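Structure, as C-alpha cells:
All of the numbers you see were taken from the coordinates with simple rules; none came from a lab. From a predicted model like this one, the values you see are computed outputs, not experimental measurements.
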Amino acid sequence: MSRLELMAEPHVTAVRRVEVITGASGRRRWSDDEKARVVEETLQPDAVVSAIARRHGLTPQQVFTWRRAMRRTSTTSDGPASPAFVPAIVDAAESAAPDVKTIARPPVIELDIDGDSVWIWGGAEAAVVAAIIRALKAPR
C-alpha cells in the first residue's frame, strides 16, 4: 500500500514499523570543570588516555583536543601556568656553620676571615688555597 492510497482512503489502516531510540540524543555538553577533571586524569603517571576516554564515554581524539586547548590556554593567559623557576630560601643560621657530622671527611684547615668560613681539605694545591684567601680578603 502506498502513501498515496493511504491519503486517498483514510479509513484504511496499515501496520507501520516504529523505531524507538533510547539513550542520549544529540551532543553532550561538557562544562569546563568536567573537561579539566578528565584532562587531569590523563596527566597522572601511567595513565592510558583511551581507557580514560572510554570510561567517560568519549573518544581519545576529544580528550587530546581538550588537552591541547588547555595547554594553549595556560600559556596564552597571563604567562605560564606554573613559574619557570621556584625561589630558593636559604636560612643563614643553617648555612653558616654546617654540622661536622654531615661532612664526608673532616677538614684539615678552617679559615675564618671577617665572618666568612671556608674549610680546606688536605691535598689542596697551594695556588687554590691562595686564591681562596685572596677572595675572602677582597673588598666588597
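Observations, loosely collected:
- In Hz, Karplus ³J(HN,Hα) per residue of segment 49-54 (6.51, -1.76, 1.60; θ = phi - 60°; x = Gly, Pro): 4, 5, 5, 5, 4, 4
- Full-extension gain in nm, Ile133 to Ser50, via 0.36 nm per residue minus C-alpha separation: 23.6 nm
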